Amino acid sequence: MFQELQDKFVNNFITDDRWKYIADGLVTTLQVTFFAVIIGIVLGFFVAVVRSTYDKTGKLRLLNALCKLYLTVIRGTPVVVQLLIIYFVIFGSARDISKVAVAVMAFGFNSGAYVAEIFRSGIMSVDSGQFEAGRSLGFNYVQTMRYIIMPQAFKNVLPALCNEFIVLLKETSVSGYIALQDLTKGGDIIRSRTYDALMPLLAVAVIYLLMVIVFTKLVNILERRLRSSDH
Amino acid sequence: MTINRGDTLIKVQGLHKIFGELHALSGISEEIHKGEVVVIVGPSGSGKSTFLRSLNLLEEPSEGQVIFEGEDITDKKVDINKHRQKMGMVFQHFNLFPHKTILQNITLAPIKLLKRSKDDAEKRAMELLRLVGLEEKADAYPSQLSGGQKQRIAIVRSLAMDPEVMLFDEPTSALDPEMVGEVLELMKQLARDGMTMVVVTHEMGFAKEVATRVIFMDEGQIKEQGEPEEFFGNPKDERLKEFLSKIL
């Protein structure tokens, strides 16, 4: 029994350096997630500011309409379809484009829509009296947003934001659709070589789980720090 | 009927405010002079808060002008933020910044807007905190304070900008009864020190004792005004008589 497990382990991970599929895949997954998160935050922040500025002041009508269109399209279609369209249609003629770059774009663009709505709900959740207090002191709209509204909004949405990044990390597992060798694909390749599904897929699952647990821990620490003002 | 005390600080001309169907202000013209303590009373929905909030354009008038220190601040070309720095405002619900300490609440605007150094701003803030007896709360957060303390800090936060006029929007309405006194006491002290004040309140005692002028608003208009003695002792407007009989 124990011998059998050991043989399987060796066959799945050691023979032909198969562990490298997992290790390289992990690096790719982390790369895609990291840059997609950055794009998602920047894009989401921008869209949220445009949308809530329009809601509060009626300015930026055209930009607001564009943002709404973006939100509707992105949230209304599956991320796999978006990934395929970006790879095979938008960059269809550019065969030498890096698959990592395409995945970063697709997942970042996708995540931006969800982050935007998270940020917007955060901005809206700050009491309007805060905005009035800022303006009455003489802060302009941008300063009020920066010094008074955003810090509170960010604190309010941190759990939802953290959740979005966990979703994003796991969502990158569909990168295999454009033959990008991410963590999931790496495990799957091993499976196709060894005809053993349990070991490689279990390893992949455990790695995702560990990453999520560590990330959640880090966010909890940050949340506790930010909460120091509500005793 | 207007009592002149020094120069005109705020002049309001033909002010209207319409919220959809509601005519909240219908044609108000009034002057606030330096050193005056003007108390505005009236039934709820009479437009008194809207009027007060129009003075620093938190409520943008639908029609009419607000002239502050000789400049028409309803003019779109005017930088309203510069003028608001000189018009302190105190709200019913305090609106302290919950993510900042008391000291940071007070020093944020002076540092960012008046470009004071952190040291100067903090020194001034501590002076003001001592004045209201809350210097030991400097490093506390708003959530650790009682309602009365929060409102006194909110007043201090406005004072830190060295305003020309202070606007109070029902400053004691959200307070537990035992905390009303401490806030009114601070406001009285400000009045004694010569601060120009416009106060929307239901505290008739404060109006009688401190106001240089009391204004009665109803249905978006100023129906009657005068010195407190005359205003409370010998009201003429029927609605005012009715209002006073209910409230006193």
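The values are calculated or read from the model by the stated rules, or taken from the named source; none is laboratory data. The shown structure was predicted, so the numbers you read here are calculated from the model rather than taken from an experiment. Cβ coordinates were reconstructed from backbone atoms using ideal geometry, including for glycine residues, and neighbour counts include every protein chain displayed. When the accessible area is computed, the model is the full protein with side chains, heavy atoms only, and any ligands, DNA or RNA have been set aside. Shrake-Rupley method; radii C 1.70, N 1.55, O 1.52, S 1.80 Å.
Placing +1 on each Lys and Arg Cβ and -1 on each Asp and Glu Cβ, with no other charges, gives region A:1-101 a dipole about its Cα centre of roughly 860 debye. The residues of region A:121-135 occluded by other protein chains by 40 Å² or more of accessible area, set against the chain on its own, are A:GLN130, A:GLU132, A:ALA133, A:ARG135; surface from heavy atoms, 1.4 Å probe. Taking amide H as placed 1.01 Å from N in the peptide plane, the amide H of B:GLN221 sits under 5 Å from that of B:SER26, each at least 5 places away or on another chain.
Amide H to amide H distances under 5 Å link B:LEU9 with B:ILE32, B:HIS33, B:LYS34, where only residues 5 or more positions off or on other chains count and H is placed in the peptide plane. If only the Cβ of Lys and Arg carry +1 and only the Cβ of Asp and Glu carry -1, the dipole of the protein assembly as shown around its Cα centre is close to 1500 debye. Here, region B:1-150 yields an orientationally averaged convex hull projection of 11.3 nm² when only Cα atoms define the hull. Leaving ligands and nucleic acids aside, the A/B contact buries around 2000 square angstrom of accessible area in total at a 1.4 Å probe radius.
Think of it as helices only: each DSSP H run of n ≥ 4 in the protein assembly as shown is worth -39500 (n - 2.57), and spread over all residues that comes to -17500 deg cm²/dmol at 222 nm. Between helix B:177-192 and chain B there is an angle of about 90 degrees, using the helix long axis and the longest principal axis of the Cα atoms. Panel note: the C-alpha atoms of region B:142-187, placed on their principal axes, show extents of 30, 20, 16 Å (largest first). With one equal scatterer per alpha carbon and no solvent term, the Debye-computed log10 I(q)/I(0) for region B:107-165 at 0.15, 0.16, 0.17, 0.29 1/Å reads -0.42, -0.47, -0.53, -1.29. Counting only protein heavy atoms, what percent of the accessible surface of region B:114-248 is carbon or sulfur at a 1.4 Å probe? Of the solvent-accessible surface of region B:114-248, carbon and sulfur hold 43 percent.
The residues of the protein assembly as shown present an accessible area of 48 Å² per residue when probed at 1.4 Å with all protein chains retained. In region B:3-93, the portion of solvent-accessible area held by carbon and sulfur atoms comes to 44 percent [1.4 Å probe, whole percent, DNA, RNA and ligands not counted]. Taking only the Cα atoms of the protein assembly as shown, the ratio Rg/Rh comes out at 1.16, with Rh defined as the Kirkwood radius. Which parts of region B:84-101, residue by residue, lose 30 Å² or more of accessible area when the rest of the protein chains are there, as against the chain isolated (1.4 Å probe)? By number: B:ARG84, B:PHE91, B:ASN95, B:PHE97, B:PRO98, B:HIS99. Charge dipole of region A:131-231 (Cα centre as origin; +1 on each Lys and Arg Cβ, -1 on each Asp and Glu Cβ, all else neutral): 240 debye, rounded to the nearest 20.
Over chain A, the hull volume per residue, using the convex hull of the C-alpha atoms, is 147 Å³. Using a cut-off of 17 Å between alpha-carbon atoms, which aspartates and glutamates can reach B:LYS208, once sequence neighbours fewer than 8 places away in the same chain are excluded? Cross-link targets: B:GLU36, B:GLU170, B:GLU185, B:GLU224, B:GLU227, B:GLU229, B:GLU230. Hey, how many Å between the Cα centroid of region B:83-117 and the Cα centroid of region B:1-66? Rounded to whole Å, the Cα centres lie 24 Å apart. On the accessible surface of region A:25-124, probed at 1.4 Å, how many percent belong to carbon and sulfur atoms? Taking all protein chains in place, region A:25-124 shows 74 percent carbon and sulfur surface. Compared with the dominant Cα axis of chain B, that is its longest principal axis, helix B:102-113 is turned about 80°.
The three principal axes of the Cα atoms in region A:52-112 give end-to-end lengths of 45, 19, 16 Å, sorted in falling order.
Helix A:128-137 against the longest principal axis of chain A: what's the angle in degrees, Cα atoms only, rounded to the nearest 10? Compared with the principal axis, the helix lies near 60 degrees.
By the rule of a C-alpha distance below 25 Å, with chain neighbours fewer than 8 residues away ignored, the lysines paired with A:LYS20 are A:LYS8, A:LYS99, A:LYS170, A:LYS185.
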